[in-house]
Structures are given as structure tokens and as C-alpha cells.
Amino acid sequence: MSIFSKQSSLEKQVQKKESASEKASLLESEKIYQKGLSTVKDIIAPAAFKIESDYVMINRKFASTLFIYAYPRFLQTNWFSPIINLDTTFDIAMFIHPQSTADILKSLKKVVTQVQSQISMNEEKGLVRDPILETAYQDVEGLRDDLQQGIEHFFQFAIYITIYGDTKEELLKIETQIESILEAKLIYLKPAVMQMEDGFNSTLPFGSDKLMIGNNMNTSPLSTTFPFVSSDLTSNQGILYGINRHNNSLILFDRFSMENANMVIFAKSGAGKSYAIKLEILRSLMMETDIIVIDPEDEYRHLCETVGGTFMRISLSSKHHINPFDLPTAIGDETPTDVLRKAISDVAGLIKVMLGKITPDEDSLLDKAIAETYAIKDITADADFSNLEPPTMGDLQMVLDNMTGTESIATRIKKYTEGTFAGFLNNKTNIDIESGMVVFNIRDMEEELRPVAMYLILHFIWTLIRSKTKRRAMIIDEAWVMMQHEDAASFLFGIAKRCRKYYLGLTTITQDVTDFMTSRYGKPIVTNSSIQLLLKQSPAAIKVIVDTFYLTDEEKFLLLESNVGEGIFFAGSKRAAIKIVASYSEDQIITSDPEQLLEIEKAKKEIEEMA
């Protein structure tokens, strides 16, 4: 070999060494560069992670994992919901490991043989039968039948709960709270002591069961752990309120089957509350329920006329009148004294609504003046009321004018007896509500007189309802107007409490939730209503709704995002997301859409012209 060839070979080796050194240098530089880059792991990783035997510490937060190790013989549906709805932060993992049916059947066969053998041995020894063994035998045999027929399947089921707290004391408090809820259902859990890291990793969203602490469970009890269960509100009687949005079942319900038949409806303007109640009215009429409506906006006229009801327009120029001095009918063992005392109290309440605030002295004198007004017509505690004509507001005016200390009341009441409002209150009653549906329309009543009109109508209706027990529903639309006045609100609350004994269901409807609930009678009226219907709510009112009905966050957002005619239906302790649905014929009768109403009126005129 020549000298030149040796030199070229050495040069090549030197070049290889230099290139390898450069590569190593580049790789080292790349590693240093990569260390300076922020990755997703750097962003989501905690600053510190400490593992102890009974907890893990993530930054400054404590965490502990619990696992369920024992269940009762029977599990109720939705038993896990109280845990899901706790107002605390936690992670829950459920692991369902399917088991071979053939292997399980072999194991169960051995168990049956052992249990049957033990029962036989006890019988041979003359021992008293053991209910535990007999129950176990029946359960295992039933499970074998279901597994063999494919009705049930077998699983290893594990539930892990990782709770979080700022201190170990807070962690212990949450653990105790969860334990107490589950132990009341005979379900027991433990902390994963000495396995906290595996427990914590098992509840991370990796789908990896590091603890592997499961219980044998077949399909039926396993299904009860599903926490998102919708109440079934389908019954064999009642009317269709709507469709259950969770499972598309029908919400069929009879409001009179509850402890009381009262109902409240809260919704923002345009959410479909009047549409929903008119649909209920139409369907209730088919169940022979009499309907009485206080209509503030002329929304029920078309429905009333269609079903052949009585529509009464209450206004200053109306031909229909109600005398507030009418005497109620005595019921049961009521004496004339009781009837007269109640009549005086009701008239005094009406006048307080008419005049606003009055002094205690004026209140006392007013009570005396009303009693004297009745006495003018010979209506006293020991009189026979049947053939006596009650007084009018004009008679009260005359009494007040002749009393000392009532000058202010007499002056303020004159506009109801001699002034602009005289035609409204100072007349004899000429109203009859014996038809299947009666609507009292107060749309044309002056705004100042609306609370007075609603109070007077309610009093008149209540007097008739007490005199004859019959299945009825009374609807008060825009009830917040009454709640603005203490006496009117008190009277409405009294009806809500007492109407059950007269087979009456009271429905209060309002769009102004805040005004309704700020009245001290607002929440008691809600709590005295077995049925509640919440439709779409405005963000301004949702907090009041959440606090009143104890809604979850999911229910809160459901109400905020609902479409027209959608919401939540409450019946006692049950609740379900509802969608109000009507047939085409029903829709034509109950619609509140102005465009649709104009088309209906146009079609009516065309039919009349053709006739």
C-alpha cells in the first residue's frame, strides 16, 4: 500500500470522528433547547405532589380516595344522586368489568350445592330453619335462572371517589358527610389507605383501574347506580301536561290526586305560560272540572267562547257588577254571627286595598262603620239573612259621613260612590258563574283599580265556592299584581291554604318572579302548591328561582336555554323536564299568537259571509 492511500484513510477516520463529535454536540444542544420549551405537561402538571398513607397533596390541596366495599341486598333506583348533588368538589370513577356467564354459572352451582347441603344437614339435626340460608338459596337460584336466560349479566363493579379539601380537617368532614349519606342506605365505604396514589390515578380520566377493588353485581342492581334518572310522571288518570324530555314518556297527571291541587307557574314573557295553562284548561274541561279564570289581558276570551263558557268583562262601564257587601252562605255549623263577622272582615280588607294605608284609629272606626252599614238593612248577628237585601258602598258612605273621626276615609271613598269609580262598586250583584268555564276579564279596568277588582272577584268567587263543593280549578293570571298589596296577598294565601277542603285547585301564574317572591306571602303560596311548572326564565330572575326551588346547576341552565313551551314540571318530590305539546285543533283554540288569531278571525268572517 502506498503512503498516499494510508494518508487518505487516516483523513477519512478523522472526518468521521469530527462528524460524530458534531452530531453529539448538536444533540446535546437540542436537549438543552428542548428543556427550555414549555409543553402541555408543564402547563397542567402541579408544582408539587406529595404522597402519604392516607392522602395525597397536590400543590397546597389535599385529596383522598374512597372506595365502596359493601352493598345491601336491595338497591333503590337513583341511590347515588345525593352524592352527585353534594355541594363540594370531587372526582368519581366507575369501573364495570364484564365476567364470563359460563364461569359464573359454574361458581353459582357450587354455591347452591353448599347452601342446599347446609339446609339439609340442619333439617336432619332437627334445627329450626335458618331464614338467612333460605333467602340466599332463593337469590342464587333466581340469579342462575336469569343468567341462563340472558336476562341478567354479571360484572365486577367498582366505585372510587376522590375528594378534595384545603386542610386535612376539611377532607375528614367531607368524608364523614359522604359516609353518613351512604350508611343510611346500608352502603359502606373506606379510604384507600396505603394506596392513595393508585386511588388518585384511578379517578383520573385515563380509564385505568389501579385499585381493582370491585364487588360482584348483576345487571339490575348495577343499573341503579346510574345517577341521572328522570322521574316517571305517568299515571292511569288525569290529563296530558306534556312530554318528558328525558325519556320521551308522557306526563299524565291528576292534580287532584296530590295532597292539594294548587299549582304555580313561573316564566318570562313569551315563554308559553298562558299557552300551557289554556291547554290544561281545555283538557280539564273534558274531565268535568269547572274552570274559573281571572284574566288581566284578554287572553282567554277565544277559548271561553269556543267551549261555550261565560265571559265577563269587568270595567267601569261594564254591565256586570259585584256588590262587596254580599253575605256569604253559612256552611256547616257556622252561626249568623260568624257569617256577619267574616263579611265585615272581607269588606274592611277590600277598603284597605282601595285606600292604601290607614291609621289604627281609622281601622277601628272603619270596622264599626261597616257593622252599622249592615245594621241599616237590619242585618245583625241574630237576624235571618235569607230574605234581607245587603247594603252597598253608598250606604257605607252615608254612615261614614255621620261619624266622628272618619272624615279622611269618607273623603277618600267618595270617588268609589259618587266619583269616577262609582259605577264599579256601588251596585248590586248581577253575576252568575254556574257555567263550566267562567272568565273575569279586567283588561279594560284602570290600572289603579286592578288590585281592587282582583280582590273583589276573588272574594266573590270564594264565597260561591264555599257554598257548594264541586271539582273546580281557579286560575289567577299575573298574580304578582295582587302580591304588591298586603291585604290582597294575604287573601290569596288564605285561599291557597283552605281551598283543598272545597275540592278547589288554585293556579297562580306570574312572569314577575321577583315581585311575587318579595311579598311575605309569595314563598308560602309556593310551598302550599303541590305542583309547580317552571318555563324559560330570564337571567335577572334565575337566582330567585334557584333559591326558591333548590335547583341544580343543570336545571338552572336548562331553564335559561329552554325554548318556548319547555321547562321543568314538579309534582311533589318528583320532577321532570317537560315540553308542552298540543294537537292542531287544540292549538287553534288556545293560541296567543296575534298573527294566528287574526287568521282565525278572518276565517270566521269568511264563514259567516258564506252563510
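The values are calculated or read from the model by the stated rules, or taken from the named source; none is laboratory data. Since the model is a prediction, treat every value here as computed from it, not as a measurement. Because the Cβ atoms are built from the backbone with ideal geometry, glycine has one as well, and the counts that use them run over all protein chains shown.
Condition (residue is in the same structural domain as GLY522 (by TED's automatic domain parsing) and over 24 Å from GLU259 (Cβ atoms)) applied to segment 491-508: is it met by at least one residue?
No, segment 491-508 contains no residue that is in the same structural domain as GLY522 (by TED's automatic domain parsing) and over 24 Å from GLU259 (Cβ atoms).
Enumerate the strands (runs of 3 or more DSSP E) found wholly within segment 248-355, keeping only those where 1 or more residues are surrounded by fewer than 19 Cβ atoms within 10 Å (Cβ to Cβ) and in contact (Cβ under 8 Å) with a residue 60 or more places away in the chain.
310-313
With a cut-off of at least 3 residues that are in contact with a helix residue (DSSP H, G or I) (Cβ under 6 Å, 6 or more places away or on another chain), surrounded by 15 or more Cβ atoms within 10 Å (Cβ to Cβ) and among the aliphatic types (A, V, I, L, M), name the helices (runs of 4 or more DSSP H) lying wholly within segment 50-167. Before you say what the answer is, go through the steps one by one.
On the way: elements: 81-84, 101-124, 131-149.
Once the helices (runs of 4 or more DSSP H) in segment 50-167 are filtered for at least 3 residues that are in contact with a helix residue (DSSP H, G or I) (Cβ under 6 Å, 6 or more places away or on another chain), surrounded by 15 or more Cβ atoms within 10 Å (Cβ to Cβ) and among the aliphatic types (A, V, I, L, M), what remains is 101-124, 131-149.
Could you list, in sequence order, the residues of segment 490-527 that are basic (Lys, Arg) and over 26 Å from ASP290 (Cβ atoms)?
Scanning segment 490-527 gives ARG520, LYS523.
Those residues that are without any contact (Cβ under 8 Å) to a residue 40 or more places away in the chain and not acidic (Asp, Glu), I need them from segment 356-368; list them, please.
Correct list: GLY356, LYS357, THR359, PRO360, SER364, LYS368.
So, in segment 31-60, exactly how many residues are under 30 Å from LYS185 (Cα atoms) and either not β-branched (Val, Ile, Thr) or not assigned by TED's automatic domain parsing to the domain that holds GLU197 (or both)?
Final tally of qualifying residues: 3.
Would you check which residues across segment 168-185 are over 29 Å from the mean Cα position of the chain (by Cα) and surrounded by 12 or more Cβ atoms within 10 Å (Cβ to Cβ) and list them?
Looking only at segment 168-185, we keep the residues that are over 29 Å from the mean Cα position of the chain (by Cα), and these are 168-173, 175-176.
Once the filter is applied, which keeps residues that are over 29 Å from the mean Cα position of the chain (by Cα) and surrounded by 12 or more Cβ atoms within 10 Å (Cβ to Cβ), segment 168-185 yields LYS168, GLU170, LEU171, LEU172, LYS173, GLU175.
Within segment 444-454, identify whether any single residue is in a helix (DSSP H, G or I), charged (D, E, K, R) and farther than 17 Å from TYR416 by Cα, and answer yes or no.
no
Being in a loop (DSSP other than H, G, I, E, B), of a type in the set (A, V, I, L, M, F, W, C) and touching a residue at least 60 places away in the same chain (Cβ under 8 Å) is the filter; apply it to segment 389-431 and report the residue that is surrounded by the fewest Cβ atoms within 10 Å (Cβ to Cβ).
ILE431
Six or more apart or on different chains, Cβ atoms under 6 Å: show the pairs whose first residue is in segment 507-535 and more than 17 Å from ILE568 (Cβ to Cβ) and whose second is of a type in the set (Phe, Trp, Tyr).
ASP512/TRP480; ASP515/TRP480; PHE516/TRP480; TYR521/PHE493; GLY522/PHE516; PRO524/PHE493; ILE525/PHE493
From ARG500, ARG520, which residue is in contact with an Asp or Glu (Cβ under 9 Å, 6 or more places away or on another chain) and either outside any helix (DSSP H, G or I) or on the phi > 0 side of the Ramachandran plot (or both)?
None of the other options fit; the residue is ARG520.
Every residue in segment 481-510 that is under 25 Å from SER284 (Cα atoms) and either among the hydroxyl-bearing types (Ser, Thr, Tyr) or modelled with pLDDT under 80 (or both), please. Working first, answer last.
Filtering segment 481-510 down to residues under 25 Å from SER284 (Cα atoms) leaves 492-510.
Matches in segment 481-510: TYR502, TYR503, THR507, THR508, THR510.
Within segment 199-209, is there a residue that is of a type outside the set (Val, Ile, Thr), within 30 Å of the chain's Cα centre (by Cα), assigned to a helix (DSSP H, G or I) and under 20 Å from ALA93 (Cα atoms)?
No: segment 199-209 contains no residue that is of a type outside the set (Val, Ile, Thr), within 30 Å of the chain's Cα centre (by Cα), assigned to a helix (DSSP H, G or I) and under 20 Å from ALA93 (Cα atoms).
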